[in-house]
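Structure, as structure tokens:
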Amino acid sequence: MKHIRISPDVLVRELGGETIILDLKTERYLGLDEVGTRMWGLLLASESVDSAYKSLLEEFDVEPNRLDGDLRQFIDKLVEHGLVTVEGDQEAA
């Protein structure tokens, strides 16, 4: 089961429904809109990426394949920027 962990040097602040994620080492940041903020919150709160995906699918009116692609892209971007690590097996979201 795959899950997300925040990297140790990352600071997260929510402001008015949006989230700012700052890597204190590189001083790079990522701003998330309301949907990105919800994805972020569910990825961290859920026991797995799959659980987060299922919750998002219930909350948003979106095609399952589109959500799957968007969520994968979102996770890839977080990993690419060193903001999170993905732990667990390599099962699809």
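What follows is calculated from the coordinates using simple rules that are stated; it is not laboratory data. Note that this is a predicted model, so its numbers are computed, not measured. Heads up, the Cβs are rebuilt from the backbone with ideal geometry, glycines too, and the neighbour counts pull from every protein chain shown.
Would you calculate, for the chain, the mean residue ellipticity at 222 nm contributed by helices, counting each DSSP H stretch of 4 or more residues as -39,500 (n - 2.57) and dividing by all residues, to the nearest 500?
Working: 3 runs with 40 residues, N = 93.
Per the formula, -13500 deg cm²/dmol.
Which of these values of Kirkwood radius over Cα pairs in Å was calculated from the structure shown: [x] 19.1; [y] 14.2; [z] 13.4?
Step by step, Kirkwood radius over Cα pairs in Å for this structure corresponds to label [z].
For the chain, the longest stretch holding no GluC sites (Glu not before Pro) located in a DSSP loop with at most 10 other Cβ atoms within 10 Å is which? Before the final figure, lay out the partial values.
Numbers: sites that count: Glu27, Glu47, Glu91.
Longest site-free region, per DSSP loop and neighbour criteria: 48-90.
Need the full-extension length gain, Gln73 to Thr26, defined as separation in residues times 0.36 nm minus the C-alpha distance. One decimal, nm. Don't skip to the answer; put the middle values down first.
Numbers: separation 47, 0.36 × 47 = 16.92 nm, distance 2.14 nm.
Answer, rounded to one decimal: 14.8 nm.
In straight Cα distance, which lysines are under 18 Å from Lys25, not counting same-chain residues fewer than 8 positions off?
Lys77
So if I place +1 on the C-beta of Lys and Arg and -1 on the C-beta of Asp and Glu, and nothing else carries charge, what would the dipole magnitude of the chain be about its Cα centre? I want it in debye, nearest 20. Walk me through the numbers on the way to the answer.
Values: 10 positive and 20 negative charges, 57 e Å.
I would put it at about 280 debye.
Excluding residues on the same chain fewer than 8 positions from Lys54, give the aspartates and glutamates whose Cα lies under 16 Å from its Cα.
Qualifying aspartates and glutamates at Cα under 16 Å: Glu63, Asp68, Asp70, Glu91.
Of the chain, which part is the longest with no trypsin sites (Lys or Arg not before Pro) in a loop (DSSP not H, G, I, E, B) and with at most 16 other C-beta atoms within 10 angstrom?
Details: sites that count: Lys2, Lys25, Arg28.
Looking at the chain, 29-93 is the longest stretch - no exposed trypsin sites (Lys or Arg not before Pro) with at most 16 other Cβ atoms within 10 Å.
Spin-label point model (7 Å from Cα, Cβ direction): what's the Glu34 to Asp50 distance in nm?
3.1
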